[in-house]
1. Here are some residues: 266, 261. Which one is loosely packed, with under 12 Cβ neighbours inside 10 Å, charged (D, E, K, R), away from ligand 2 (no atom under 16 Å from the Cβ) and assigned by TED's automatic domain parsing to the domain that holds residue 77?
2. Tell me the residue from 119, 168, 136, 218 that is in a helix (DSSP H, G or I), within 16 Å of ligand 2 (Cβ to nearest atom) and modelled with pLDDT of 85 or more, please.
3. Give all pairs with beta carbons closer than 7 Å in which a residue from region 362-379 that is under 11 Å from residue 338 (Cα atoms) meets a residue that is open to solvent by less than 80 Å² (accessible area, probe 1.4 Å) and hydroxyl-bearing (Ser, Thr, Tyr); count only pairs at least 6 apart in sequence or on separate chains.
4. Scan region 245-261 for residues that are in a strand (DSSP E or B) and not aliphatic (A, V, I, L, M) and report the count.
5. Give me a count of the residues in region 305-331 that are surrounded by 14 or more Cβ atoms within 10 Å (Cβ to Cβ) and outside any loop (DSSP other than H, G, I, E, B).
6. Which numbered condition in (1) at pLDDT 95 or above; (2) open to solvent by 20 Å² or more (accessible area, probe 1.4 Å) is the only one that residue 131 fails?
7. If I go through region 187-221 residue by residue, how many of them are within 16 Å of ligand 1 (Cβ to nearest atom), open to solvent by less than 20 Å² (accessible area, probe 1.4 Å), over 11 Å from residue 165 (Cα atoms) and of a type outside the set (D, E, K, R)?
8. Would you pick out the residues in region 87-113 that are part of a loop (DSSP other than H, G, I, E, B) and surrounded by 22 or more Cβ atoms within 10 Å (Cβ to Cβ)?
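The values are calculated or read from the model by the stated rules, or taken from the named source; none is laboratory data. What you see is a predicted model; the values in this text were computed from it and never measured. Cβ coordinates were reconstructed from backbone atoms using ideal geometry, including for glycine residues, and neighbour counts include every protein chain displayed. Heavy atoms of the whole protein, side chains included, go into the accessibility calculation; ligands, DNA and RNA do not. Shrake-Rupley method; radii C 1.70, N 1.55, O 1.52, S 1.80 Å.
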Amino acid sequence: MKRQMQPPRKARIGSRSSQSRSKVRPKKRKAESDGANKKMGQEIWHRKGLEMVGDERCLSGVDGLDNILAGGFLRGGFYLIQGDPGSGKTTLGLQFLLEGLRGGEKVFYITLSETKQELLQVARSHGWSIDKIPVLDLSAVENLLRPEAQTTVFHPSEVELTKVSQLLRDEVRKTQPARVAFDSLSEFRLMAETPLRYRRQLLALKQQFAKFKSTVLLIDDKMDTREAVDPHVLSLTHGVIDMEQLSPDYGASRRRMRILKLRAVKFREGFHDYVITTGGLSVFPRTIATEHRAQFRPGSVSSGIKELDALFGGGLDRGTTTLILGQAGTGKSSLALQYALHMADQGEHSLIFTFDETRIVMLSRAKGLGFNLEKAIDDGMITVQQVDPAEL
Ligand SMILES: Nc1ncnc2c1ncn2[C@@H]1O[C@H](COP(=O)(O)OP(=O)(O)OP(=O)(O)O)[C@@H](O)[C@H]1O
Ligand SMILES: [Mg+2]
């Protein structure tokens, strides 16, 4: 009963604080509360700002990639670039930063998997100078952190990850880059050991990058084929690009990429082929026939042989496809060539793709028909493109 008589604990605290507040003059109190509200508002706005990614885009620096991304990366976005070993992830990262440099932006390359020397080799093979790209080389992180790891009671991996994260955050604060390439996440994942620690550290990094509106490419190796994307990273990113390197039974490797996720953007879905040549990656956005419909003049295409044209009611209809079938040696190639050569005489261009016939055979065949194919090629009326089927 005695207990019930006492005022509740909360109420007592309240009365004490209202007593002390009553000593503050009302005007000052209002100013204080306004100040507190303003501060809280600023904080909320600031937090919103961290998560907010505007519509401003930054170009990737890779031919064709901006097309499939529907205009480039969102400024301030956090992207995952994952791919097979040797698929060109580092090259893409460097192209992205070089594009930033061209636009006068601050850039930053964080490497955990390749040494600065190896990065320089990649750049050199493409004829790039990366002198102006600040590189934070953490590939020798074990040596960097060994003394601390030995003198603490913590597990070395714990010290390592916390130290690396701290180092990264400090460097980001110092450099405040507009573009960052982080190569690669797999080292970071190994350091974290547990998924929870990995996710926490990534989140902390994301927040630090977001403070400076940095557009970040997180590069990751695709070792495990069970999961399409690491779920710990997936939910933290604005977009995921998957790069593949396929090795068919014959011919050269084939490379293709696909956007697995892109928040709030209508991107070009499906697989897009890409090549790596001296100068970097070039992506060939998947062709959609309806986007390439062109106007043409209706009419017919003549072979120059009256009887043959009569069989088709005056010639082949423009804008249509005709298949010429026949046994070996029946003159299929010669017939096709006849059309191209006659149309060249009429001032019309032709493009010939040849698979197993060499240019010399074509030239002599045309000579046999009484045409000068070489001249038509030199004049630009006929273009012959040899295709090596084994390289397709
Ligand atoms: N000048 C060049 N011309 C054509 N291809 C090149 C050139 N330089 C490098 N390559 C190709 O680029 C590929 C490697 O690119 P990159 O190092 O960016 O790949 P990565 O995905 O980062 O590889 P890793 O898994 O080793 O980190 C190699 O397969 C190499 O054949
Ligand atoms: Mg690499």
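1. Values: 261 fails: loosely packed, with under 12 Cβ neighbours inside 10 Å.
Only one candidate passes the filter, namely 266.
2. Values: 168 fails: within 16 Å of ligand 2 (Cβ to nearest atom); 136 fails: in a helix (DSSP H, G or I); 218 fails: in a helix (DSSP H, G or I).
Being in a helix (DSSP H, G or I), within 16 Å of ligand 2 (Cβ to nearest atom) and modelled with pLDDT of 85 or more holds for just one of 119, 168, 136, 218, which is 119.
3. Once the first residue is under 11 Å from residue 338 (Cα atoms) and sits in region 362-379, its partners that are open to solvent by less than 80 Å² (accessible area, probe 1.4 Å) and hydroxyl-bearing (Ser, Thr, Tyr) give 365/333; 365/334; 369/334.
4. Within region 245-261, residues that are in a strand (DSSP E or B) and not aliphatic (A, V, I, L, M) number 6.
5. Qualifying residue count, region 305-331: 4.
6. (1)
7. First pass over region 187-221, keeping only residues within 16 Å of ligand 1 (Cβ to nearest atom): 187-190, 217-221.
Still in the running and open to solvent by less than 20 Å² (accessible area, probe 1.4 Å): 188, 217-220.
From what is left, the residues that are over 11 Å from residue 165 (Cα atoms) are 217-220.
Cutting the leftovers down to of a type outside the set (D, E, K, R) gives us 217-219.
Summing the residues that are within 16 Å of ligand 1 (Cβ to nearest atom), open to solvent by less than 20 Å² (accessible area, probe 1.4 Å), over 11 Å from residue 165 (Cα atoms) and of a type outside the set (D, E, K, R) in region 187-221 gives 3.
8. The initial filter retains those residues of region 87-113 that are part of a loop (DSSP other than H, G, I, E, B), namely 87-88, 103-106, 112-113.
Hits for region 87-113 are 87, 88, 112.
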